[in-house]
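Novice: My questions will all concern the structure given below.
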Amino acid sequence: MKQTVVITGASRGIGLSLTKLYLSKGCNVFALCRQASADLSTSGATVVEGIDMADDGVIERLKSALAGVRIDLLINNAGILRNEILGQIEFDSLRQQFEVNTLGPIRAVEALGSNLVNGAKLAMITSRMGSVADNTSGGRYGYRMSKAALNIAAVSMAHDLSHQGVSVAIIHPGLVGTEMIGGHGDITPDQAAERIAQRIEGLTPETSGTFWHSNGEVLPW
């Protein structure tokens, strides 16, 4: 039986690459986005538009759009990156990043948690910038804080969903050359997708709730 994969933020970048990768593996893919790109529209995925992870109303939208769909893998990929400078903090910028990067994945799980089959996997695409131990350069207040908050939420989910047989992956994709960071990175979105899929494939109940670099390195909190 084909596995069903749901991916947020699927219109471009890592999300689009993950969509294409899981389609190539023969999966049924539900690609969630605010507005579909041309590449996503022609990918062969089931595209669900109008999904704004920063909006509480997305919970009912997701419940309705995926009613009755049994999910084997939910990948919370949608995220935004802003920059703030101490002394010139724009608090709306901080709030926007928390709404998308932290509360967005929680909204997705609130909406679709009951759709996850026993033995399903939940993947959070986070960042090592959310690591306290790894912060050696400062700055990026909203992004760092929102990803650190996502990390601890994901650990809580690993505990709370264990009775349902759901394992949780917390994955830093690497420095990926996406539009979000101006196209400059160490790896391409396609390479990141391959590595993320490897980490998800290797996820077990015993490793649920641990923080991984997509290259296989365990990261510090």
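Novice: Normalising by the residue count of the stretch 4-213, find the relative contact order in percent from Cα pairs under 8 Å and 6+ residues apart.
Specialist: 20
Novice: Let me check the size of the stretch 4-213 from its C-alpha atoms; what are the radius of gyration and Dmax in Å?
Specialist: Final numbers for Rg and Dmax: 16.0, 51 Å.
Novice: Could you order the peptides 44-50, 160-166 from most to least packed, using the average number of other C-beta atoms within 10 Å per residue?
Specialist: Per-residue mean Cβ counts within 10 Å order the peptides as 44-50, 160-166.
Novice: Expressed in nm to one decimal, what extension gain is obtained for the pair Asn83 and Ala38 from 0.36 nm per residue of sequence separation less their Cα-Cα distance? Intermediate results must be reported in sequence, preceding the final value.
Specialist: Details: separation 45, 0.36 × 45 = 16.20 nm, distance 2.88 nm.
Extending this stretch completely gives an extra 13.3 nm.
Novice: Taking H placed 1.01 Å from N in the peptide plane, check which residues at least 5 places from Val6 or on another chain put their amide H under 5 Å from its amide H.
Specialist: Under 5 Å from the amide H of Val6: Phe30, Leu73, Leu74, Ile75.
Novice: In straight Cα distance, which lysines are under 20 Å from Lys63, not counting same-chain residues fewer than 8 positions off?
Specialist: In chain and number order, the partners are Lys121.
Novice: Could you state the principal axis extents of the C-alpha atoms in the stretch 103-211, from the largest down, to the nearest angstrom?
Specialist: 39, 28, 25
Novice: Helix-only mean residue ellipticity at 222 nm, the chain, DSSP H runs n ≥ 4 weighted -39,500 (n - 2.57), per residue, nearest 500. What is it?
Specialist: Numbers: 7 runs with 74 residues, N = 221.
Only helices count here, giving -10000 deg cm²/dmol.
Novice: Stretched out fully, how many nm does the piece from Val218 to Glu90 gain, at 0.36 nm a residue minus the Cα gap?
Specialist: Extra length from Val218 to Glu90 when fully extended: 42.8 nm.
Novice: Also, quick follow-up: Using unit Cβ charges (K, R positive; D, E negative) and no other charged atoms, how large, in debye to the nearest 20, is the dipole of the chain about its Cα centre?
Specialist: Values: 18 positive and 21 negative charges, 59 e Å.
That gives the chain a dipole magnitude of about 280 debye.
Novice: If you don't mind, there's one more thing I want to ask. Label-point separation (nm) for Ala133 and Ser114, each offset 7 Å from Cα along Cα-to-Cβ?
Specialist: Those two pseudo-labels are separated by 3.9 nm.
Novice: Quick one: the Cα spread of the stretch 64-115 along its three principal axes, in angstroms, biggest first?
Specialist: 49, 16, 14
Here, each number is a calculation from the coordinates, and none is a lab measurement. All values reported here derive from a predicted model rather than from experimental measurement. Virtual Cβ from ideal backbone geometry, glycine too; neighbours counted across all protein chains shown.
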